[in-house]
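To start, the structure under review is shown below, and the notes come after it.
The values are calculated or read from the model by the stated rules, or taken from the named source; none is laboratory data. Small disclaimer: the values here were computed from a predicted structure and weren't measured. No Cβ is skipped: glycine too gets one built from the backbone with ideal geometry, and neighbour counts run over all protein chains shown.
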Amino acid sequence: MSSEHADRADAPPLTETIAPGTATDPDVKSAEEATVTVDGQDIVVPEGSTIIEAIEAAETAGEVPALCYYDRDSPEAEKIGPRSECRTCMVETDEHGMVPSCSFPAEDGLTISTDDEAATEARDVNLDLVLSDHNLRCTTCGKNGRCELQDAAIDNDVEEPRYGVFDDREAYEPLDDSSDFIQIDRNKCILCNRCVEACNDVQVEGVLRMEGHGADTRIGFQNGSETMEDSTCVSCGHCVTVCPTGSLVEQGITDAATIPLPGFSQKNSIGKSLESTGKEKKGPMTRMKRDEPKDLTSEARTDENPGDWL
Amino acid sequence: MTDPSERTTALRVAGADAAGLAASAERDGVPVVAVGSTGARALEPLVVATHEGTSAFVPNADADDVAAAVDALADGTLPDADARVDHDEVQASLPIPSIEGFAGERSVLARCGWTDPRDPDDYANAVGFSDADADAVLDAAEGLRGRGWGDWCADEPYADLWAGVRERDGPTSVVVNAHGNPGDALLLESDPFAVLDGASAAARAVDADYLYLYASEADEAALERARDAAAARDYGVPVEVVAGPDVYRAAEPTMAIEAIEGNHRLEARLRPPGPEVEGIYGNPTVVHTARTYAHLAGAIHGDAPETRVVSVTGDVADATTVELAESDTVASATAAAGVDDFTAACVGGKFGGITTDLDVGLAPEDLDEADLGTEGVVEVLGEDRCPVAFVGQRTNVASETNCGRCVPCREGTTQLTEKLRDVYDGTYDEGGMTELMGVMESTSICAFGRDVPRTVRTAMREFDDAFEAHADGDCPSGTCAVGGTQ
């Protein structure tokens, strides 16, 4: 009998927990129907709204990218966000000063301005900060033309981002090309967390997580694996459908939108990639998440050891 | 334990290693008590020999000093000492000697290094545990403000917020956030019963079901004393002690809550609503520092002077924590810590304001007006330090240790670090830095990203010449390799 179970040693225990690595946010939505004023227009929004619902219903004076906000009209989409990480949805209110519209309750009587000078500058600077950490090789990207960051940059008239773009080849993370279904290019990730929420809160698969901190924050796997192939992914694809950029793309169409220049492709845009080992057929549907949570206590740089400067 | 009120002759050994030294000196007839730190850590182990209304202070004592002091007391005399202070025969608080490391009269720190932090009876005799009811506690809290960046109501009154929490449904929690700040850690280590006296009063005021003591895993003595104190008596509410990771951000109130809930990765929560509506496990929670609760305990007992607990760190022999009147100055704190020559001080915690002028009042309004922080930590930059390098390194630390959640903090600190590096390459983009810092301050989710710019902004103002000089290839302090020579 025991030999029958030997090949199922990796099967997960039923008590396995999901650890996405993110904070448990409070409910930031309004408790009742509210009438707010957006750039002089009275807008009525139902209970359960944040300011952005009113902004979307209005003719706004200023461009509000709200890049990381996931706006789809479905019950599943309600489980994703607001993460409010990109802060490109900042607007001015008479009552509370500058607030993030995607995650601020739409209280009755709020007076909101989208074209306030400081709020406009804040959205512009934050969008440029997002671009500063994004590999902007649109011409070899499979999401060229269907990328929310590209759209936001165009709509916001970004000509030359203040802080440049992520263009340090040494610092690029390798492409994760190890899965037969999904390719990961973390150099294009804006850390909106939609994929983590789709994976954990909608599909309840518990594969993806937010990990690290500071400049090393990244999307990783809850079982601690380095590659998609070794993760517990079941290839449902929900993460790909919610990804706003070219970070998560279906295999087979990773070059679908690239401009045909001989010798240039998504695959060689980074110069390094993690490949499938082809070592085995997939075992149990989901493997055990075997690693311990990352050690929070060891951060290399402290005041006593500030590391290299210059 | 000896009845503390009869302890008119006693030997106290204060400091982190006090227990071992005290145990070595046990002798019939002379009570030897291992007390917590006094806050003057550079002097510890500090022996305080008390006999008939006089205390003698022997700093940096070894086993021989302790033995000599016990012998003297056994003979009815006092040992040779650096300072002596006359006081009441029955003394409830540490007499303050005229030694570098001490300053001023103490109120919330009064018992640190004097009463036994392991013995609730000692606190009961010296002060007495309050049984004030909710209304009395809320009355005492009226006008008091939260202290430190780990306090959800930093520099703000909290009584109204408590009254609101009291009305809210759900299992309510009180959190004592003693993470990171040396003054908070000192209170837990040396006078945990005062903190618990204040916190259990708060628990009555908000009708709490749980009380958490939270401190950094690096502050082992504070955690140990907190655990002992939590188990020593009934506080009318279950008390749990939680250690958080030894990283600066773990003191931010919502990250403290994440740590208490057991999350393996800490990042800031969105707000509003704040923890007073959705805190621990989504239930109403009040989060304040140990200092806030200790001041509240004082107010309940009718002792509420306007004082601030200030810790001096950085280029000093050892961290020194003192208590000073709000009308006193930053300079008084650094003088007490023995600071003579310095380049500048970073006033108000890790991301405080940089200043060369320490003649600034300690009241939050005065510090705020000078664009300095109110965290109660003064970090000294010694004579040979380069302020430009300091802010570069500090910003770099911010870019590596932020929680990684929001763009203005995560990417902003990275770009700010780059711009500070550019100064060394000849480009001092003052306008670009000011624009970036303004957005970090106005759009970061929590105080981490909102505070980082203060350090850079104040240094740029205070040391404008040094920034210009670096851009021209010269470090005035001679400590940086600039001008492409590195």
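So here's what we get for this one:
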{"read-out": "Tally, over region A:53-80, of residues that are at pLDDT below 95 and touching an Asp or Glu at 6+ places or on another chain (Cβ under 8 Å)", "value": "3"}
{"read-out": "Search result, residues across region A:200-214 that are in a helix (DSSP H, G or I), within 14 Å of chain B (Cβ to nearest Cβ) and under 15 Å from the mean Cα position of the chain (by Cα)", "value": "A:ASN200"}
{"read-out": "Pairs where the first residue, in region B:356-369, is surrounded by fewer than 14 Cβ atoms within 10 Å (Cβ to Cβ) and the second is of a type outside the set (D, E, K, R), C-beta under 7 Å, 6+ apart", "value": "B:THR356/B:ALA344; B:ASP359/B:THR329; B:ASP359/B:ALA331"}
{"read-out": "Matching residues in region B:273-289 - criterion: being more than 7 Å from every other protein chain (Cβ to nearest Cβ) and either touching a strand residue (DSSP E or B) at 6+ places or on another chain (Cβ under 7 Å) or part of a loop (DSSP other than H, G, I, E, B) (or both)", "value": "B:GLY274, B:PRO275, B:GLU276, B:GLY279, B:ILE280, B:ASN283, B:PRO284, B:THR285, B:VAL286, B:VAL287, B:HIS288, B:THR289"}
{"read-out": "Residue satisfying condition, being within 21 Å of B:THR414 (Cα to Cα) and not assigned by TED's automatic domain parsing to the domain that holds A:SER74, within set A:GLY214, A:GLY237, A:GLY206, A:GLY224", "value": "A:GLY214"}
{"read-out": "Identity of the residue in region B:236-254, closer than 17 Å to B:VAL286 by Cβ and within 13 Å of chain A (Cβ to nearest Cβ), that ends up surrounded by the most Cβ atoms within 10 Å (Cβ to Cβ)", "value": "B:PRO253"}
{"read-out": "Cβ pairs under 7 Å, 6+ apart, first in region A:118-129 and within 17 Å of A:CYS189 (Cβ to Cβ) and at the interface with chain B (Cβ under 7 Å from one of its Cβ atoms), second part of a helix (DSSP H, G or I) and aliphatic (A, V, I, L, M)", "value": "A:ASN126/B:VAL407; A:ASN126/B:VAL439; A:LEU129/B:VAL407"}
{"read-out": "All positions within region B:295-350 that are touching a residue at least 40 places away in the same chain (Cβ under 8 Å), of a type in the set (Val, Ile, Thr) and either closer than 30 Å to B:CYS475 by Cα or within 14 Å of chain A (Cβ to nearest Cβ) (or both)", "value": "B:VAL312, B:THR313, B:VAL316, B:VAL330, B:THR334, B:VAL339, B:THR343"}
{"read-out": "Matching entry among A:GLY145, A:GLY109 (being on the phi > 0 side of the Ramachandran plot and not assigned by TED's automatic domain parsing to the domain that holds A:ILE270)", "value": "A:GLY109"}
{"read-out": "Count - residues of region A:91-117 that are more than 9 Å from chain B (Cβ to nearest Cβ) and touching a Phe, Trp or Tyr at 6+ places or on another chain (Cβ under 9 Å)", "value": "5"}
{"read-out": "Counted residues, region A:82-117 - those being of a type in the set (A, V, I, L, M) and either in contact with a Cys (Cβ under 7 Å, 6 or more places away or on another chain) or free of Cβ contacts under 8 Å to residues at least 60 places away in the same chain (or both)", "value": "4"}
{"read-out": "Region B:302-348: number of residues that are within 16 Å of B:PRO364 (Cα to Cα) and assigned to a strand (DSSP E or B)", "value": "11"}
{"read-out": "Test result for B:ASP465, in a helix (DSSP H, G or I) and more than 24 Å from the chain's Cα centre (by Cα)", "value": "yes"}
